[in-house]
Amino acid sequence: MSRYFLTLSYQGKDYNGWQIQDNTPNTIQQVLEEKISMLLNENIEITGCGRTDTGVNAQNYVAHFNCRKVELIENKNHWIYKFNTVLPPSIAISNIRKVKEEAHARFDAQKRVYYYYLHQLKNPFIENKSWYLYGELDFELMNRAAVLLFQYEDFSCFSKANTQTKTNNCKIYKAKWQKVGDAEWRFTIAADRFLRGMVRAIVGTLILIGRNKITLSEFKAIIESKDRKNAGASAPAHALYLSGVQYPNHIFID
């Protein structure tokens, strides 16, 4: 038996999130398991690096699975091609790497990076990829608020309720808004882990800062309250992208 890491991208608008659910077959994990199991002629169970919600996208998502019948690395490009032929257009595999048998896509991840895109002039070419938000925003002030995130570890105020996580502590390494086009902005946030709904809640609260609806002191008070009801509304899912996941080199054996 060999264990492999898959790197893949997907458009979240077509799916009810990453994780298999009892009430819908339309999840990314289920589609992958069904298609890859069929192609490899064995029961494949896939474990992802984390859960993405309905509508959230990924550019370099990582998942692992075990394979008994085929040595995939011997003809890696062939298998990447074969996987992509059976997957829908909204899911694409870009890489396969062989890893140690105990390597885990979720628990071995050291850092995750998300992008959130926002545009302030209506643009039909990015309407489904970015959040169109009309009105003035003070991005300098929003970045001053983003820096305050580095002072904290408990981000309960930005987490969905009843997630059954053991801890709401996260280590944030980067949080910054950058202009990436004409009236187009990208928020980059990197951390060791993220809570469910965390990035969208942070973005929604930073928008309140940018509109001068709350002050920096109030932003800090929201974090310290550890209460989701005090933070801003979640930003729309379609503009959020998991951009990358970092792992230690020693888990790879290809």
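Every read-out reported here was derived from the displayed coordinates using simple, explicitly stated rules and does not represent laboratory data. Just so it is clear, the model here is predicted, and its values are computed rather than measured. Cβ placement follows ideal geometry from the backbone for every residue including glycine, while neighbour counts extend to all protein chains displayed.
In plain terms, the chain from M1 to D182 could stretch by 60.1 nm, reckoned as 0.36 nm per residue minus the Cα-Cα distance. Cβ-Cβ distance of H104 and D254, R₀ of 22 Å, FRET efficiency by 1/(1 + (r/R0)^6): the value works out to about 0.85. Available extension along the chain between K76 and K129 is 16.0 nm, counting 0.36 nm per residue and deducting the alpha carbon span. Across all directions, the average projected area of the convex hull around the alpha carbons of the chain is 14.3 nm². Site pair D138 and N230 shows an inter-label distance of 2.1 nm when each label is modelled 7 Å from Cα along Cα→Cβ. Counted by neighbouring Cβ atoms within 10 Å, the residues D154, D254 run from fewest to most as D254, D154. Applying 1/(1 + (r/R0)^6) with r as the Cβ-Cβ distance of T54 and K220 and R0 = 41 angstrom yields a FRET efficiency of 0.85. Calculate the length of the line joining the C-alpha centroid of segment 44-107 to that of segment 113-163, in whole Å. When both Cα centres are located, 29 Å separates them. Distance from the C-alpha centroid of segment 166-183 to that of segment 1-42: 27 Å, rounded to the whole angstrom.
Mind running the shape call on segment 95-174? Use the C-alpha gyration tensor, a ≥ b ≥ c as the square roots of the eigenvalues: rounded below 1.5 for a/c, prolate if a/b tops b/c, oblate otherwise. In terms of gyration-tensor shape, oblate.
Using equal-weight Cα scatterers in the Debye expression, the normalised intensity of segment 111-243 in log10 at q = 0.16, 0.18 Å⁻¹ is -0.76, -0.96. Taking segment 47-63 and a reference point 7 angstrom along Cα→Cβ of Y173, the backbone N atoms nearer than 18 Å belong to 49-50, 59-63. With neighbour counts taken as other beta-carbon atoms within 10 Å, the residues F252, F139, F158 rank, fewest first, as F252, F139, F158.
Of the peptides 239-245, 83-89, 188-194, 132-138, the order by per-residue mean of other Cβ atoms within 10 Å, starting with the highest, comes out as 239-245, 188-194, 83-89, 132-138. Computed from the Cβ-Cβ distance with R0 of 22 Å, the FRET efficiency linking N23 to A161 stands at 0.70.
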